[in-house]
1. How are the Cα pair distances of the stretch 142-198 distributed, in percent, across 5 Å bins from 0?
2. Return the carbon/sulfur percentage of the accessible area of the chain, one whole number, probe 1.4 Å, all protein chains in place.
3. Using a cut-off of 14 Å between beta-carbons, work out the net charge of the residues near ARG126 (Lys and Arg +1, Asp and Glu -1, ARG126 not included).
4. Could you tell me how many degrees, from 0 to 90 and to the nearest 10, lie between the Cα long axis of helix 114-125 and the main elongation axis, the longest principal axis, of the Cα atoms of the chain?
5. With labels modelled as points extended 7 Å from the Cα through the Cβ direction, what inter-label distance (nm, one decimal) is found for THR230 paired with ASP133?
6. Using helices alone, what [θ] at 222 nm do you get for the chain, with -39,500 (n - 2.57) per DSSP H run of 4 or more residues, divided over all residues and rounded to the nearest 500?
7. Looking at the chain, which longest stretch skips every one of the GluC sites (Glu not before Pro) that is in a DSSP loop with at most 10 other Cβ atoms within 10 Å, leaving the sites themselves out?
8. Just to be sure I understand the model, the point goes 7 Å from the Cα along the line to the Cβ. What's the resulting ARG205 to SER179 distance in nm?
Amino acid sequence: MSAAKAVKPRPGRLLMGLPPDTRVVIADVTWNDYARLVDAVAEGENCRVAYDGKDVELMNVGPVHDSYSEILGLFVNLIAEELQIDLRGARSTTWRRRKLKRGIEADLSYYVDAAKVAAFDAALARRSGKIKDYPNPDLAVEVDISRPKIDRQGIYAALQVSEVWRVFEEHVSIEQLQSDGKYVAAVSSRFLSVTPDDVERWVLREGARGSVTWKQRLREWVRNELGPRTAL
């Protein structure tokens, strides 16, 4: 029996009754079965599906996960605005690439490269619903309330995502893709110039995260500290 038939009628049914951010792996899945699994996710089911070329990982996203994602999105967009960085967000788009036999949904994904931004804008202007019309992102953000059970780094490497931010418990890492296809920890983001400590401070530790006063403090920090640091 194929993996798709094994989980009928919906992937989310496998996760019913389990705690939020539980990951379930289906081993030895073909590309076609993975594609059917993604297509079977019902609207509002809040189920994430990733495929590393061999195994599928299903995860049910909970409120803590979504809260961190929301704050991270605010953090990235406010800094980009203050530093006048022209980026585009694609949130948790399913990056499904048949030729690579890989697919993943980041918590957040962004374009920064000018050519990719232009391609994204052009596809969006046409209201294209075809994922092939959209380039792979430059930056992905992953909130790992639980530890991944498949090779998610390998998926991002195959997609040539040049930078991945990972948040796990009270720790943040900024990892950059190398020429050998591996990710290594970096001291700061090549796109926003922030360090892991900066992200930990504003996303994990600062009080009233996402509030009006938090946004005001973050903007002041960018203007007074991050901006001058970036100009050096």
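1. 4, 19, 29, 26, 17, 5, 0
2. Within the chain, the accessible surface is 50 percent carbon and sulfur.
3. Overall, the nearby charge balance is +1.
4. On a 0 to 90 degree scale, this one is about 60.
5. So the two model labels end up 3.1 nm from each other.
6. -9000 deg cm²/dmol
7. 44-168
8. In this crude spin-label approximation the distance works out to 3.7 nm.
The values are calculated or read from the model by the stated rules, or taken from the named source; none is laboratory data. Note that the structure is a prediction, hence the values are computed from the model and not measured. Neighbour counts run over all protein chains shown; Cβ positions are idealised from the backbone, glycine included. Keep in mind that these areas ignore ligands, DNA and RNA; they rest on the heavy atoms of the full protein, side chains included. Shrake-Rupley method; radii C 1.70, N 1.55, O 1.52, S 1.80 Å.
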